[in-house]
Amino acid sequence: MHHMHYHRPTSVSEAVQLLTQHADDKVLAGGQSVLPSMKLGLLAPEGFIDLSGIAELNGIKLQSGAVTIGAMTTHSAVAASKDVGKAIPALAKLANGIGDRAVRNRGTIGGSLANSDPAADYPAAVLGLGATIQTNTRTIAADDYFKGLYETALKAGELITAVSFPVPEKAAYVKFKQPASRFALVGVFVARTAGGVRVAVTGAGPCVFRVKALEDALAKKFAPESCDGITVPATGLNSDIHGSAEYRAHLIPVLARRAVAAAG
């Protein structure tokens, strides 16, 4: 391995300053995506800026009809949170289904969203609930955040500090998981919110996306049978050894139906 350097800032401002000085360094949250990429030879950073020493990035708050989660909060902490479990049980259940226990104890919500893996679970909750991503410089609406394959609206030197989830009237997440990785072959998050029905799909495309046809049908009647007969075009969807684009397209309304049933 080539020579590397390591920084462990204790504040967001210090981390941002380090990013300015070391633009080629990799920000390290939980390391659940960075380290496997290094092992595969896909990534060779000059160094690391480790966010684990920044206390202000940790924690969960329930206030004003929203659950706000610090970027360095682990999946296991979200899953175990009484506040999350009471306000948005679908989010707690989603967090508890990410990877395995080791991944949940190290992986963080901010790291997951910054990486924006096309099959990650958290993007479905963020887009499905109409969450807001907070950074060191601004707030970004979920609908404006996800741009493409591993591509987000984050700018150079910008760090996610927290994510704010509005409490929905009803919500549920169902995924058809790849058995080895537990990533979503297809995952569907359905939510009935004060602003209407939202249906977000992960695993099927280059990044998470909404399905208007399902949203419109469920807005008329929020019931499982409203998903019947809805077809999703396979154009542009992922196709690999685990499933064709057509298979993924077929799964979307099937899983949406199950999510609506689970939401009650």
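A compact table of results
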read-out: Among the residues listed as V27, V34, V12, the single one being at pLDDT 85 or above, of a type outside the set (D, E, K, R) and in contact with a Leu (Cβ under 8 Å, 6 or more places away or on another chain); value: V12
read-out: Selected residue (only one of S181, S116 is polar (S, T, N, Q), in the same structural domain as V232 (by TED's automatic domain parsing) and more than 17 Å from A79 (Cα to Cα)); value: S181
read-out: Residue count, segment 235-264 (criterion: modelled with pLDDT of 95 or more, under 20 Å from V190 (Cα atoms) and not in a helix (DSSP H, G or I)); value: 1
read-out: Qualifying position, being among the hydrophobic types (A, V, I, L, M, F, W, C), touching a Phe, Trp or Tyr at 6+ places or on another chain (Cβ under 8 Å) and surrounded by 20 or more Cβ atoms within 10 Å (Cβ to Cβ), among A71, A124, A153; value: A124
read-out: Unique residue being without any contact (Cβ under 8 Å) to a residue 12 or more places away in the chain and not assigned by TED's automatic domain parsing to the domain that holds V201 when the list is A102, A92; value: A102
read-out: 3 or more residues under 22 Å from the mean Cα position of the chain (by Cα) and closer than 24 Å to N105 by Cα: qualifying helices (runs of 4 or more DSSP H) within segment 8-85; value: 34-39, 75-80
read-out: Unique residue being of a type in the set (S, T, Y) and touching a helix residue (DSSP H, G or I) at 6+ places or on another chain (Cβ under 6 Å) when the list is T139, T193, T152; value: T152
read-out: Hits in segment 160-186 (condition: hydroxyl-bearing (S, T, Y), more than 13 Å from A124 (Cβ to Cβ) and assigned to a strand (DSSP E or B)); value: T161, S164
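The values are calculated or read from the model by the stated rules, or taken from the named source; none is laboratory data. All values derive from a computational prediction rather than experimental measurement. Cβ coordinates were reconstructed from backbone atoms using ideal geometry, including for glycine residues, and neighbour counts include every protein chain displayed.
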